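Structure record follows, encoded as structure tokens.
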Amino acid sequence: MKVIQGLNNLHRIPRGTICSIGVFDGIHRGHQSILEKLVKQAKREKENSLVITFHPHPSRLVKPEQSPPLLISLRHRIFLMEKMGIDYCLIIPFNKKFARISPLFFVKNILYKHLGINALYLGRNFRFGYKQKGDINLLREMGKQFAFRLFIVPPVRYGKKIISSSWIREEVGRGNLDLVSHLLGRHYSLYGRVSRGEGRGNSLGFPTANLDVEQEMLPPSGVYLAKAYLESKDYPALLYIGYRPTFFERSSLSVEVYLLNFRGNLYGKYLEVELIKKLRGERKFRKISSLISAMKRDELSARQFFS
């Protein structure tokens, strides 16, 4: 997938794309329904698929006090879209200047004049432009004027409820990972770069990797069974989220992953880590030996699970 940054680089995107627009936070089953149809249509017509997305989230600028924590970072979003087969991703910086653009200007000058899109796939509640004055009805009229087809994809439900990013955030915060996996169509995952930590895991006999997660929404603290993906290979893993209370009275939140069958240097590499099941909550141990014993039990449980 080719990632294009900013409106000054629209010329790098071929004309005639099959397009969708949105933040797609989480890329849940509702988002996947839109993007899958987009990719199929593009292949059918032998055109390129294009996703236009925004960074930061528009609510950060428009309603910062109501802006939700994101399920996935921009980098993670791009990673997942690439796996779905999207050809191009245009990232538009959402700033005060862009927020003042009218719906007509956006469609006429960006979608029509510069991109020349053939078709647009959207969810039924899509809104755009200054003060969100643009909607599906306006796009239908503009499609006739500017020669693009509009396809409205119905929402996806789980039970009787429409799947949404806000619902998933609530369930991640509660630690309801089984339900989250149904809403996402996959295990909830963290994505980030391995950075140098204090080496404490090595000293305890467990070479954990410190993961700089770029998304903001994390499940409750504790130890999780996980699967780590590195350069198209997967490894059974243990994931720790917490504040390391055994060593610190006050500490920043730490995310550490231990790949069970990996030997090598992970520093600087990006990992996607799927959370499969919570083993235990976070606790403070009075003795380091008690912590090591608990970590050995965690490793044994993980090896038995993945065997």
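Structure above, values below:
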item	result
Single residue of region 124-135 satisfying the filter (buried (at least 16 other Cβ atoms within 10 Å of the Cβ) and in contact with a strand residue (DSSP E or B) (Cβ under 6 Å, 6 or more places away or on another chain)) that is nearest to Pro58 (Cα to Cα)	Phe128
Residue that is more than 19 Å from the chain's Cα centre (by Cα) and either without any contact (Cβ under 8 Å) to a residue 24 or more places away in the chain or crowded, with 19+ Cβ neighbours inside 10 Å (or both), where the choices are Ala99, Ala42	Ala42
Of all residues making up region 148-172, the number that are in contact (Cβ under 8 Å) with a residue 24 or more places away in the chain, out of contact with any Lys or Arg (no Cβ under 8 Å at 6 or more places or on another chain) and of a type outside the set (S, T, N, Q)	6
Which numbered condition Met84 fails, given (1) of a type in the set (A, V, I, L, M, F, W, C); (2) surrounded by fewer than 17 Cβ atoms within 10 Å (Cβ to Cβ); (3) at pLDDT below 95	(3)
Number of positions in region 183-202 that are more than 19 Å from Glu214 (Cα to Cα) and either surrounded by 18 or more Cβ atoms within 10 Å (Cβ to Cβ) or at pLDDT below 95 (or both)	6
Residue in region 263-306 that is farthest from Val180 (Cα to Cα), counting only those that are over 24 Å from the mean Cα position of the chain (by Cα) and β-branched (Val, Ile, Thr)	Ile288
Residue within region 139-152 that is of a type in the set (Asp, Glu) and closer than 26 Å to Leu74 by Cβ present	no
Residues located in region 124-148, provided they are more than 26 Å from Lys96 (Cβ to Cβ) and not in a helix (DSSP H, G or I)	Arg124, Ala147, Phe148
Of residues in region 45-75 being within 13 Å of the chain's Cα centre (by Cα) and of a type in the set (Val, Ile, Thr), the one surrounded by the fewest Cβ atoms within 10 Å (Cβ to Cβ)	Thr53
Filtered residue count, region 245-271, keeping only those that are surrounded by fewer than 18 Cβ atoms within 10 Å (Cβ to Cβ) and either modelled with pLDDT of 95 or more or out of contact with any Phe, Trp or Tyr (no Cβ under 9 Å at 6 or more places or on another chain) (or both)	9
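Yes/no per residue for (1) of a type in the set (Phe, Trp, Tyr); (2) more than 18 Å from the chain's Cα centre (by Cα):
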residue: Lys160; (1), (2): no, yes
residue: Ser164; (1), (2): no, no
residue: Trp167; (1), (2): yes, no
residue: Leu179; (1), (2): no, no
residue: Tyr191; (1), (2): yes, no
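The values are calculated or read from the model by the stated rules, or taken from the named source; none is laboratory data. All values derive from a computational prediction rather than experimental measurement. Glycine gets a Cβ as well: all are built from the backbone with ideal geometry, and neighbour counts include every protein chain shown.
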